[in-house]
Amino acid sequence: KVCRAGFRAMGLELWPVNEAIAAPMTTAVRIPKGVVAEKLYERMRHHHRIMLPSGAGETLGKVIHIAHMGPSAQPILAVAAIAALGSTL
């Protein structure tokens with residue numbers, strides 16, 4: 001919930017919009033209109049050395065995922081993802 005709150009504080013929209021059906025193991029952030037997904041991913045990799053999944057199927061190129069399970073289940077990694085995405089946008 002804290003990760004989602006960070007993105008909302010930046011004015012970004014989440015997928016899904018309803019918190020009641022949001023998965024606890026990932027946060028999906030919609031890529032703002034007018035932002036080219038591939039350029040966003042490239043800048044995050046180049047400038048911040050952070051690679052985030054870009055969705056699949058219906059969400060491909062429309063969202064960025066921040067995982068909250070396994071090795072990535074560390075609060076500092078969520079903070080880094082929030083900062084990197086905010087800085088890149």
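Read-outs: derived from the displayed coordinates by stated rules, not from any lab. Quick caveat: nothing in here was measured; it's all calculated off a predicted structure. Here the Cβ positions follow ideal geometry from the backbone for every residue, glycine too, while neighbour counts run over all protein chains shown.
Structure summary
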read-out	value
Around L12: net Lys/Arg minus Asp/Glu count, Cβ-Cβ under 14 Å	+4
Net +/- balance of residues flanking A84 in space, Cβ distance below 11 Å, scoring K and R +1, D and E -1	+3
Ellipsoid equivalent to the chain - semi-axes via the Cα gyration tensor, in Å	18, 16, 13
Difference of contour (0.36 nm per residue) and Cα-Cα distance, A83 to H46	11.9 nm
Among G11, G70, G55: highest mean-square fluctuation, GNM of the chain, C-alpha pairs under 10 Å	G70
Residue among E58, E42, E19 with the largest mean-square fluctuation in a Gaussian network model of the chain, springs linking Cα atoms under 10 Å	E58
Sequence-distant lysines (8 or more away, or on other chains) whose Cα lies within less than 17 Å of K62	K33, K39
